[in-house]
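The values are calculated or read from the model by the stated rules, or taken from the named source; none is laboratory data. Only a predicted model underlies this, so the values are computations on that prediction, with no experimental measurement involved. A quick note on method: Cβ atoms are made from the backbone with ideal geometry, for glycine too, and the neighbour counts reach across all protein chains shown. Just the protein is used for accessible areas: all its heavy atoms, side chains included, with ligands, DNA and RNA removed. Shrake-Rupley method; radii C 1.70, N 1.55, O 1.52, S 1.80 Å.
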Amino acid sequence: MKLPTIPSFPQFTRKIAIDLGSSRVRIWSNQDGFVLDEPCVIALDRSKNKVIAVGKEAQDMSGRVSKSIEVLSPVSQGAVTDTVLVSMMLRMFLRKILQNVYFFRPSIMMSVPSSITEVEKLALTEVLYGLGAREVFFITQLLAAAIGSGVPIADASGSFLLQLGGGVVEGGIISLGSLVAAESTVYAGRSLDESIKRILRQEAGIEVGLQRIEQLKIQLSTAYLQNKNEVLVTGQDIRDAVPKEVLIGSESIFPAVASLLERYVRLIKKLFEQIPSELTTDVIDKGMLLSGSFAKLRGLDSFLLSSLGVPVSVVDEPERSVIKGMAQVMENIELFKESLGYMSTS
């Protein structure tokens with residue numbers, strides 16, 4: 001289907017890029033650059049039916065405030081689970097960023113998984129226009145991550161990228177500015193968070209907050225047990241609710257990490273089967289790029305190399321590759337418009 005013509009941006013138009021993930025929200029503005037990187041959570045006071053906080057401020061309330069206040073994540077497994085909460089959360093973030101220039105009605109781009117449905121996209125479109133957007137763009141996280149990683153996506157030669165996010169992991173082959181093939185799984189960083197939480201309950205008998213679990217994931221996760229580490233963890237005893245301190249090692253969570261990595265190897269092999277023969281040599285010669293927060297897992301590049309026989313490298317600032325790519329697109333919208341979903345109020 002032919003995309004509608006995209007009008008030129010007036011000089012005063014505010015451009016906003018939003019990378020809305022299951023774990024983090026990252027926002028870029030053409031006037032201020034990279035302006036926000038906070039947890040994707042919102043705190044609600046159910047007794048007053050009122051939003052108390054968003055982002056890090058909301059996350060810090062988890063387990064430390066009265067039971068009437070709930071800390072919720074409105075995005076799960078890469079999909080928006082509550083458009084009302086997402087709208088409230090983004091409104092607070094944008095007000096903080098835009099301040100007195102919000103009335104200029106910004107052009108907004110949002111990243112989405114390649115597996116997004118038209119119904120989900122329409123719901124997000126309504127959310128963004130409800131926030132005051134003048135026009136709305138969508139870009140797949142894979143394409144944005146490739147651009148942000150410096151991949152020349154317009155080339156005829158194929159490039160392979162694995163985007164390891166908190167809610168979804170996607171692998172894709174990119175050629176001539178578009179996704180030739182893509183595969184995804186919802187077993188991502190957040191899945192490991194849940195596994196760590198379960199292991200701490202079963203093996204150590206303690207409850208630990210989400211923020212601490214995120215830290216433990218970084219400290220203990222490894223693709224090889226030779227890189228193991230140990231951390232002293234303080235939590236709440238599940239039997240009598242008193243504080244309890246235990247020593248947790250990488251070997252405790254290694255089976256959960258290994259299970260995820262096996263899924264990724266199967267996903268990549270499935271994707272290899274879909275590669276047109278003309279692009280196979282390109283992928284083998286160039287190798288595979290890893291982006292996304294989970295790409296920082298210790299030993300992941302070496303593990304995938306030994307499992308697949310394809311060169312693997314982690315991009316610079318892998319956690320920011322999507323938002324960096326979105327910024328480049330918004331600054332050069334005419335060059336990329338054929339690869340974008342576009343909605344206009346006109």
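Screening M109 against (1) surrounded by 14 or more Cβ atoms within 10 Å (Cβ to Cβ); (2) outside any strand (DSSP E or B); (3) modelled with pLDDT of 90 or more; (4) not aromatic (F, W, Y) leaves a single unmet condition, (2).
Candidates are the residues of region 279-292 that are in contact (Cβ under 8 Å) with a residue 12 or more places away in the chain and open to solvent by 60 Å² or more (accessible area, probe 1.4 Å); the one that is nearest to A17 (Cα to Cα) is K286.
Scanning region 113-123 for residues that are surrounded by fewer than 21 Cβ atoms within 10 Å (Cβ to Cβ) and either in contact (Cβ under 8 Å) with a residue 12 or more places away in the chain or of a type in the set (A, V, I, L, M) (or both) yields S114, S115, I116, V119, E120, K121, L122, A123.
So which helices (runs of 4 or more DSSP H) are wholly in region 246-310 and hold at least 1 residues that are modelled with pLDDT of 95 or more and of a type in the set (K, R)? The helices (runs of 4 or more DSSP H) meeting that bar are 250-272. Looking at region 311-337 only, could you name the residues that are at pLDDT below 90 and outside any helix (DSSP H, G or I)? Scanning region 311-337 gives a single hit, N332.
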